[in-house]
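The values are calculated or read from the model by the stated rules, or taken from the named source; none is laboratory data. In this text, all values refer to a predicted model and were calculated from it rather than measured experimentally. Ideal geometry is used to build each Cβ from the backbone, glycine not excepted, and the neighbour counts take in all protein chains shown. Calculation scope for accessible area: heavy atoms of the full protein, side chains included, ligands and nucleic acids excluded. Shrake-Rupley method; radii C 1.70, N 1.55, O 1.52, S 1.80 Å.
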Amino acid sequence: MLHDRVLVDVDAVAGERRSGGGILIPATVQMGRRLTWAKVVAIGPNVRSVEVEDRVLFDPEDRAEVELQARTYVLMRERDIHAVASTEEADGGTGLYL
């Protein structure tokens, strides 16, 4: 990885979601502009706010797909990441923090 590039692995099931009533909405349904969560696989030397294994939020329409060893990854710049999730507890709290 060079410069400020981030390589992420998008979970295939992440596209599917459930409505408030429990109805399964497939990933193929277009619902405006929706951001996607992914896991960071590799980072370049100039990346400052993301670590490997972090979960990041990004726009799936601004993506460059790369296939490595029969798996498809997404390559992006650090500035294209909207949020980084942390599962660590902060101040005694629990849950997911952005």
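List of remarks:
- Yes/no for R18 being at pLDDT below 90 and either closer than 13 Å to H82 by Cβ or open to solvent by less than 40 Å² (accessible area, probe 1.4 Å) (or both): no
- Note on segment 33-42: residues that are open to solvent by less than 60 Å² (accessible area, probe 1.4 Å) and either over 15 Å from D4 (Cβ atoms) or over 13 Å from the mean Cα position of the chain (by Cα) (or both) amount to 3.
- Taking every residue in segment 69-82 that is under 14 Å from A42 (Cα atoms) and open to solvent by 60 Å² or more (accessible area, probe 1.4 Å) and pairing it with any residue that is in a strand (DSSP E or B) and not aliphatic (A, V, I, L, M), at least 6 positions away or on another chain, the pairs with Cβ-Cβ distances below 6 Å are T72/E65.
- Looking at V66, V47, V56, V52, just one residue is modelled with pLDDT of 80 or more, surrounded by 11 or more Cβ atoms within 10 Å (Cβ to Cβ) and in contact with an Asp or Glu (Cβ under 9 Å, 6 or more places away or on another chain), and that residue is V47.
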